[in-house]
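Enquirer: Would you mind keeping the following structure in view while I ask a few things?
FYI, it's all coordinate maths here, none of it is from the lab. Nothing here was measured: the structure is a model prediction, and the numbers come from that model. Positions of Cβ are backbone-derived with ideal geometry, glycine not excepted, and every protein chain shown enters the neighbour counts.
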Protein chains: 2
Amino acid sequence: MDKVKIPIKKIENPNKRQVCYSKRKMGIFKKASELSIMCGAEIAIIVFSPAGKAFTFGSPDINFMVDKYQNFPVYINDKKVDKSWISEQEYNFILRELDAEKKHT
Amino acid sequence: MDKVKIPIKKIENPNKRQVCYSKRKMGIFKKASELSIMCGAEIAIIVFSPAGKAFTFGSPDINFMVDKYQNFPVYINDKKVDKSWISEQEYNFILRELDAEKKHT
DNA sequence: GCCCCTATATATAATAC
DNA sequence: TGTATTATATATAGGGG
């Protein structure tokens, strides 16, 4: 069981990918819920599955937050990125760099 | 170190709450990144910190997804909730019920 | 605030039902 | 699809620098 080290790359097997998607989506929603409760933060998540279904999580209200988002400057690691956003590739690249650094140490 | 079982409730100590927020936000963004890469899903996250800053994560593009969201039916656990959303309280209630069930077993 | 460390809690991949 | 199991991987609370 789970002898394989989980590489962060696309899962080719469709069935496994679907299972992984369901589990991780649930996990993320749970963590989002915990964050909002424990830290008093507001968080909205929108997920589009490969199958084309959309799932959302919003605290307190996803429509409210989407609207609020339009009028807020956005920060990434304390850097203001005004009306921009971080791409998945960019974010993953940063994370991988950090991981690599840690392993070297 | 960490002898306390972390209860899912509001952290009263402001300093601890801030630290917890930072760590967990980073963790959620990382997991969102992994989900999009491994499963080919599209995911957008908007977080408003208690301090009033907004952080976003979007794959492939948060504005695109926010827009796309407007035109999609939304599902929660395969239940179509057309143009509605799940509240944090509601979601947490469901999760806690499930946890309670598991502990009984 | 960030980074490091450690012990523990949680998430999850593979599998079976 | 959902549930359960189990071993492992990851996340994280608390504390120090």
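Enquirer: How about the range A:5-28: which of its residues are outside any helix (DSSP H, G or I) and surrounded by fewer than 13 Cβ atoms within 10 Å (Cβ to Cβ)?
Expert: Start the filter on the range A:5-28 by keeping residues that are outside any helix (DSSP H, G or I), which leaves A:5-13.
Across the range A:5-28, the qualifying residues are A:5, A:6, A:7, A:9, A:10, A:12, A:13.
Enquirer: Tally up the residues in the range A:42-61 that are within 7 Å of chain B (Cβ to nearest Cβ) and free of Cβ contacts under 8 Å to residues at least 12 places away in the same chain, please. First the steps, then the outcome.
Expert: Our first condition is that a residue be within 7 Å of chain B (Cβ to nearest Cβ); within the range A:42-61, this holds for A:42-50, A:53-61.
From what is left, the residues that are free of Cβ contacts under 8 Å to residues at least 12 places away in the same chain are A:48, A:53-54, A:61.
Residues in the range A:42-61 being within 7 Å of chain B (Cβ to nearest Cβ) and free of Cβ contacts under 8 Å to residues at least 12 places away in the same chain: 4 in total.
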